[in-house]
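First comes the structure, then the notes that go with it.
The values are calculated or read from the model by the stated rules, or taken from the named source; none is laboratory data. Bear in mind the structure is a predicted one, so any value in this text is a computation, not a measurement. No Cβ is skipped: glycine too gets one built from the backbone with ideal geometry, and neighbour counts run over all protein chains shown. Accessible surface areas use protein heavy atoms only, side chains included; no ligands, DNA or RNA. Shrake-Rupley method; radii C 1.70, N 1.55, O 1.52, S 1.80 Å.
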Amino acid sequence: MDDHTVHCKNNDLENCAQKIVSFIAEKYAQPRICFVGLQPALVEACSSKFSVKVLDLDKDNIGKEKSGVLILDGEKDYKDAIEWCDIALVTGSVIVNGTIENILKVQKPLIFFGTTAAGPAKLMGWERFCPCSY
């Protein structure tokens, strides 16, 4: 039913990070991006070209900086970060952890990434970017 359902490996993630920067610049020019879920390689690449905020639920990440970006609390800071952004890059983990309902209410472009979102994105017609998975 879908392809790109097996997680990338080796240098694929760094290649994906460069591809997503090109994809976003071509499609959205210079958007403010909210990552819903930390993916370090993607955050690093995007933060070098765009304004970025990152939301995460992992208490070990919240309050720390990754690639010069402060990781915000995915519950407490969610509303402000979503209102601030032009687009949201969303990990497929939102499907598993039960936060997908809030994400789907967002009235801005959503781009899902990762293999967890493969099946649901295909079934629901959600935009997904995961070119280096298998």
*Scan [x] 14.3, 40; [y] 13.8, 43; [z] 13.7, 39 for the value of Rg and Dmax of the Cα atoms in Å calculated from this model and give just the label.*
[z]
*GNM result for the chain, Cα springs below 10 Å: residue of Gln107, Gln39, Gln18 fluctuating most strongly*: Gln107
_Of all accessible heavy-atom area on the chain, the percent that carbon and sulfur account for (1.4 Å)_ = 49
*20 Å Cα-Cα threshold exceeded, pairs from Lys79/Lys105; Lys59/Lys122; Lys79/Lys108*: Lys59/Lys122
*Taking only DSSP H segments of four or more residues, each worth -39500 (n - 2.57), what value at 222 nm results for the chain once the sum is divided by all its residues, to the nearest 500 deg cm²/dmol?*
-10000 deg cm²/dmol
_Exposure of Trp126 as accessible area (Å², to 10), given a probe of 1.4 Å and all protein chains_ = 60
_Under 8 Å for C-alpha pairs, at least 6 residues apart: give me the relative contact order for the chain, rounded to a whole percent._
30
*Positive-end residue, the chain charge dipole about Cα centroid, Cβ charges, pick of Gln18, Val96, Val69*: Gln18
*Accessible area in the full protein assembly, largest first, 1.4 Å probe, for Leu89, Leu38*: Leu38, Leu89
*asked:* Given R₀ = 22 Å, what would the calculated FRET efficiency be for Met124 paired with Ala29, taking r from the Cβ atoms and rounding to 0.05?
replied: 0.25
*Identify which of Ser93, Ser67, Ser47 has the largest mean-square fluctuation in a Gaussian network model of the chain, with springs joining Cα atoms closer than 10 Å.*
Ser67
*Just Ala29, Ala41, Ala81 to compare: in a GNM of the chain, with alpha carbon springs under 10 Å, which one fluctuates most?*
Ala29
_Using the crude model of +1 on Lys and Arg Cβ and -1 on Asp and Glu Cβ, and no other charge, please compute the dipole size for the chain relative to its Cα centre, in debye to 20._
180
*Net +/- balance of residues flanking Trp84 in space, Cβ distance below 9 Å, scoring K and R +1, D and E -1*: -1
